[in-house]
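A short worksheet on the structure shown next.
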Amino acid sequence: MLRPKYNISNKLLNNIKTISVLCAELNNQAFPRTVLANFEAKADSLSTYASTSIEGNPIPLTDVKRLIRSTPENIRDTEREILNYNNALENLKNNIAKDRILITEEFVCAIQLQITAGLLEKHGCGKFRAEPVFVNDPRSGKPVYLPPDHQDVSRLMIDLLDFIKQQRGIVDALILAGIFHKQFVIIHPFVDGNGRTSRLITKALLADMGLNTFNLFSFENYYNKNVTKYFEKVGACGNYYEIESDLDFTEWLEYFTDGIIDELLRVKKDLSAEMVSPETTLQSHHNKILNFIDKNGFVTDRDYSKMTTRAKATRALDFKKLLNLGLIERFGRGRAVYYKKTGP
């Protein structure tokens, strides 16, 4: 049974509290659907770019965005890597939206298969490795870590997945996601795709934070800002069997939660800036509509006409803007049309 060593240091505790406050602040704000859709597309591109860039993919963010929008007929391996990751990310988000994902061996292997399809020989896709691997220093290219023997991979992964299953909902989601991330990298269960697979599954575990704007969140971005530091924190040096009893997750968890804070602050700042754009800024007459709905449950054009001197055509545009922003919904037909705030 996996028993990871870590301490709830003052820094880690403060980070968890800060993340809780930031999540609450974001959850207590209502953002127009158009803004959320736009930011989600940006976050998907950023996650895909960052996670593949960490592994050495040279395609810049601008080209990643273009590649995702329209896939060329003939693609190189670097482009396939981008598209594979983005497809896996989209599938993951769809599954998260439906329900909490069960992190099983089948699920882990399916993620790795999506990431490596068309990039590895079939024997290396969707199944744990049956051969030894080495982890090289990205700067020198020399081996710095010898992961567990392939005969032990299945047992170690079972221990990790059992730990996640048993502790989910008991241990804080941040700590659990961080432990999974590092332990997965240490086990190195696949021939290739370990980093990308671990980051996607970590994203699924982070969904348990309960962040309403979760799809705007790209924690991989923080790691990509300083890849060398990321590898130093998430990885290990030496022979697994010589260091396993000394592994301590505290420093990694501090760094891991630093990254979550950094990304939450970025999302909060960007959303605040977007909310003051002309397309999304609400005027006093728009707020009159929303306030009336808050008080009465719904509003009609007749109600609105009594609150304002705006002409009928202009009032229609006011309702249209609120509809486009996803703040209200329209019900009824003809003279019976009325509007209510968008509900969950």
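Quick note: the coordinates plus some simple rules give every number you see, no bench work behind them. Here the structure is a predicted model, which means the values were calculated and not measured.
If you fit an axis through the alpha-carbon atoms of helix 173-187 and take the longest principal axis of the Cα set of the chain, what angle between them do you get, 0 to 90°, nearest 10?
Helix 173-187 sits at roughly 30 degrees to that axis.
From the phi of every residue in the stretch 250-263, what ³J(HN,Hα) in whole Hz does the Karplus formula 6.51 cos²θ - 1.76 cosθ + 1.60 yield, where θ is phi - 60° and glycine or proline is x?
Result, rounded to whole Hz: 4, 4, 4, 5, 5, 5, 4, 6, 4, x, 5, 4, 4, 6.
For helix 33-54, report the angle its Cα long axis makes with the longest principal axis of the Cα atoms of the chain; keep it between 0 and 90° and round to the nearest 10°.
Here the helix axis deviates by roughly 20 degrees.
Using Cα pairs closer than 8 Å and at least 6 residues apart in sequence, work out the relative contact order for the stretch 284-341, in percent. All intermediate terms of the calculation are to be shown ahead of the outcome.
Numbers: 51 pairs, mean separation 22.4, N = 58.
So the answer I get is 39 percent.
Gaussian network model of the chain, Cα springs within a sub-10 Å range: biggest mean-square fluctuation belongs to which of 266, 76, 129?
76
Given the -39500 (n - 2.57) contribution per DSSP H run of 4+ residues, what per-residue ellipticity at 222 nm results for the chain, rounded to the nearest 500 deg cm²/dmol?
-19000 deg cm²/dmol
How high is the relative contact order of the chain, given as a whole-number percent (alpha carbon pairs under 8 Å, six or more residues apart)? Kindly include the intermediate steps, with their values, before the conclusion.
Values: 395 pairs, mean separation 82.0, N = 344.
Reported as a whole number, the value is 24 percent.
Helix 194-206 sits at what angle to the longest principal axis of the chain, using alpha carbons and giving 0 to 90 degrees rounded to 10?
Around 40 degrees separate the two axes.
Within straight cross-link reach of residue 320, meaning Cα distance under 15 Å, which aspartates and glutamates are found once same-chain residues fewer than 8 apart are removed?
279, 301, 329
What are the lysines whose alpha-carbon lies under 16 Å from the alpha-carbon of residue 268, with same-chain residues fewer than 8 places away excluded?
Filter leaves 42.
Just check the stretch 284-341 against the gyration tensor rule for me: Cα atoms, a ≥ b ≥ c as the square roots of the eigenvalues, rounded for a/c under 1.5, and otherwise prolate or oblate depending on whether a/b exceeds b/c.
Values: a/c = 1.17, a/b = 1.08, b/c = 1.08.
Cα axes put the stretch 284-341 in the rounded bin.
Taking 8 Å as the Cα distance limit and 6 or more residues as the minimum spacing, I'd like the relative contact order of the stretch 102-196 as a percentage.
On the way: 95 pairs, mean separation 31.7, N = 95.
This gives 33 percent for the stretch 102-196.
Would you work out if the stretch 244-344 is rounded, prolate or oblate? Take a ≥ b ≥ c from the square roots of the eigenvalues of the alpha-carbon gyration tensor; rounded if a/c is under 1.5, else prolate when a/b is larger than b/c, oblate otherwise.
Values: a/c = 4.49, a/b = 2.95, b/c = 1.52.
Prolate shape, in that a/c is at least 1.5 and a/b is the bigger ratio.
Give the shape of the stretch 228-299 as rounded, prolate or oblate, defined through the alpha-carbon gyration tensor: a ≥ b ≥ c are the square roots of its eigenvalues, a/c under 1.5 means rounded, and otherwise the shape is prolate if a/b is larger than b/c and oblate if not. Write down the numbers at each step before the final one.
Values: a/c = 7.22, a/b = 3.45, b/c = 2.09.
Prolate, since a/c reaches 1.5 and a/b exceeds b/c.
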